[in-house]
Structure formats: C-alpha cells, structure tokens
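In what follows, a single structure is set out as structure tokens and then discussed.
The values are calculated or read from the model by the stated rules, or taken from the named source; none is laboratory data. Keep in mind that this is a model prediction, so the values were computed, not measured. Neighbour counts run over all protein chains shown; Cβ positions are idealised from the backbone, glycine included. Areas reflect the complete protein model, heavy atoms only, side chains present, ligands, DNA and RNA absent. Shrake-Rupley method; radii C 1.70, N 1.55, O 1.52, S 1.80 Å.
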Amino acid sequence: MLLFLDVDGTLIPFGGTAPHPEYGPPSPAHPLLSRLDPALGPRLLALGCELTWATTWLDDANTVLAPRLGLPALPVAAWPDEDEPPAGGVHWKTRPLVTLAAGRPFVWLDDEITDADRAWVAAHHPAPALLHRVHPAHALRAADLAAVTEWIAGG
C-alpha cells in the first residue's frame with residue numbers, strides 16, 4: 001500500500017505559534033519546522049505503508065524532515081512542469097499521484113484535498129484510494145491516523 005505524504009499543513013501545522021516541546025525555538029531557515037511532532041515518524045511507519053513524499057519540499061523532505069521524524073530517506077514524487085492548472089477544481093498533485101500509483105491502492109494525506117480530487121480519483125484510478133484531508137491548523141493527529149488505519153484494515 002502506498003502512502004503519499006504532504007508536509008506543510010499536513011505534518012507541520014499552520015496554526016499556533018508554540019514549538020513542539022522536543023524542539024527549541026524556530027530556526028530562521030525554517031520558521032515553522034519547530035512545530036513538527038517527531039512522534040509522527042514512528043506512527044507513520046507503523047501503518048506498514050510504502051511512504052512517499054508528495055510535497056513541494058521535494059528531496060529537502062529527506063534531508064530536513066526525515067531525520068527529525070526518525071524516517072529513512074523516502075521516495076519523492078516528481079511533479080510535472082505544467083502551465084495549465086487542472087480543470088474542475090482538481091488539485092495539481094492529483095493526476096501525478098494517480099500516475100505514480102500505477103493502479104495500486106494508495107492513501108494520500110494532504111491539507112488541500114477536496115471532493116473534486118476524490119471524484120477524479122474514483123473515476124480514473126482502478127484501485128481503492130483514500131484521499132484524507134488533514135486540517136492545516138492542527139496537522140496530522142491521532143484521529144487522522146486512526147482513520148487511515150481503519151481504511152487500510154478494510155473497515
């Protein structure tokens with residue numbers, strides 16, 4: 001099972017200003033990075049999925065985020081250079097992720113997923129897919145991971 005993982009708003013919350021207790025004050029290079037919960041790495045690994053970065057951080061996710069999360073280097077989704085935005089409110093990541101999934105079941109965790117993305121995936125992807133929208137002010141929480149776990153288990 002593939003799991004496509006966004007970063008901003010999904011792993012790093014946009015809400016609040018306090019750093020996570022395990023990290024000190026924000027760094028000037030990455031002011032929101034101190035909000036990252038390091039416990040998310042083990043929780044994501046426990047899902048038993050093939051994790052793939054699906055973020056504009058690209059390989060910086062491996063050099064900056066993965067060590068803080070205790071994750072190994074992960075595959076990184078490559079984004080096409082397109083000038084035309086997708087039609088019908090479909091997110092620009094949706095089609096490339098379906099292509100990358102290549103007919104395999106997948107989970108996509110992102111803070112920008114909409115019903116337009118779910119409908120497009122349902123119409124164009126032959127395998128099951130869970131497009132789970134994470135609240136950007138809070139980022140990934142236990143309830144989100146429970147929903148993913150339940151979906152993976154088939155339930």
Listed residue (P128, A54, A87) projecting farthest to the positive dipole end of region 34-155, Cβ model: P128
Rounded accessible area per residue of the chain, 1.4 Å, Å²: 50
Rounded to 10°, Cα long-axis angle of helix 115-124 versus longest principal axis of the chain: 50
Sum of -39500 (n - 2.57) over DSSP H runs of 4+, divided by residues of the chain (222 nm, nearest 500): -7000 deg cm²/dmol
Approximate spin-label separation D81-T114, in nm, with each point projected 7 Å along Cα-to-Cβ: 2.7
Cubic angstrom per residue, convex hull over Cα atoms of region 87-145: 81
Stretchable slack from A73 to A102, in nm (0.36 nm times residue separation minus alpha-carbon distance): 8.3 nm
Cα→Cβ-extended label distance, 7 Å offset, between D60 and H135, nm: 2.8
Value of relative contact order over region 24-154, rounded to a whole percent, pairs C-alpha under 8 Å and six or more apart: 18
